[in-house]
Amino acid sequence: MLELILSTESKVLSTNLKTFEEQANQYLATLTSTFETDDDFAKAKEEVKELKEIEDKIRTAIKQTQNGEIAELITTAEQIAERFRQERLERDKLVKSKEAEIKKQIADKAVEKIAETRNKLVKLSDISLALEMTMPKHSIAKRIEEAQKNKRTIDSLTKAVNAEEASIISEISAEIGRLTERLDQINAKSAYLFPDAVKLIAAQDDLAPIIQQRIADEEKREAEIKAKAEQEAKAKAEAEKIQAESKAIADEMDTKQAVENPQNFAKMETIEPTQTDEPLADFVITVRLRNTTQSKAVEVARMLKDSLDDCEVKLNKAQ
């Protein structure tokens, strides 16, 4: 260990420092304190000059006491002390910088290993997305950072980070298993019913009732679509049937009129148009038969066809 030895002997030969201090205090108390007239400012400027002269005399007296071997020894020692101070500051800065660098290297290595393990374990993109929701990368890095706190040595720092790294990898493995099992539950059913599969598997809620409800809702929707289609098909079939029967009746009436004796037409009740000057046009008369049978409706249609000359009669089932 370096050790500086300075052994000197000195004593004050003469001084009026105590008296000078009292005189100085009295002098300083008389300095101008008001600045209102030109004389005040002139006096103050003179006082500034006097203060500078007194200050220089005091410093000269001080320097005179620092001359000689003692002053030289003190100056050299101070220079050496300054070199040690500068080296201390630089060394302290360097140590802290290297400590931070090593801590970062250890943390980065742990985070990198966790990421590699994670990528090897994750096979599906849905699992990767869900895992980022439950164990995001930034939270993993934060855990590694927290593990480094209050560690004074590289050895204790490394052990703490390695322990946290192992714990995180174990948690990731378990979480991937949980997410995969939940995704299998969804994929075992109709996957299109779960566009939010990633969110569902990342959550903690029981999937069974969610899956059951969505399947029930889908079955209900499909049943409603099927029932509506069957109803529309049935209505269409009935309409086509009635149109076919109506056409058959019309054809039958036309055939009957063609073969019947012309004298029979005189027996039919006809509706003669009223004599008027109004212009001629086509009209449609709608007759709804309530609570009747199809055969009765056909019979009425035939009667209308027989009784009305040059009229088109159509028979359809009311909706």
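The table below gives the values:
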| item | result |
| --- | --- |
| Average accessible surface area per residue within the stretch 73-142, 1.4 Å rolling probe, Å² | 77 |
| Fully extended contour minus Cα-Cα distance, from ARG59 to LEU308, at 0.36 nm per residue | 75.2 nm |
| Listed peptides 24-35, 127-138, 284-295, 39-50 by packing density, highest first (mean Cβ within 10 Å) | 127-138, 39-50, 24-35, 284-295 |
| Straight-distance crosslink candidates among lysines, where the alpha carbon sits under 21 Å from LYS241 and sequence neighbours closer than 8 are dropped | LYS228, LYS296, LYS305, LYS314, LYS317 |
| Full-extension gain in nm, GLU224 to THR30, via 0.36 nm per residue minus C-alpha separation | 58.9 nm |
| Reach of LYS43 by Cα under 17 Å, taken over lysines that are not fewer than 8 positions away in the same chain | LYS52 |
| 21 Å Cα-Cα reach of LYS49 towards lysines, excluding residues that sit fewer than 8 places from it in its own chain | LYS57 |
| Gained length - GLU240 relative to GLU181, 0.36 nm times residue gap less alpha-carbon distance | 15.8 nm |
| Rg to Rh quotient for the stretch 83-130, alpha carbon positions, Kirkwood Rh | 1.45 |
| Contact order normalised by residue count of the stretch 66-167, Cα under 8 Å, 6+ apart, percent | 31 |
| Theoretical FRET efficiency, 1/(1+(r/R0)^6), r = Cβ-Cβ of GLU21 and LYS43, R0 35 Å, to 0.05 | 0.90 |
| Radius, Kirkwood style, for the stretch 16-175 when every pair of distinct Cα atoms is counted (Å) | 23.3 |
| With every protein chain in place, the stretch 60-218: carbon and sulfur % of accessible area (1.4 Å) | 54 |
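The values are calculated or read from the model by the stated rules, or taken from the named source; none is laboratory data. Small disclaimer: the values here were computed from a predicted structure and weren't measured. Reconstructed Cβ throughout: ideal geometry from the backbone, glycine too, with neighbour counts over all protein chains shown. Side chains included, ligands, DNA and RNA excluded: accessible areas come from the protein's heavy atoms. Shrake-Rupley method; radii C 1.70, N 1.55, O 1.52, S 1.80 Å.
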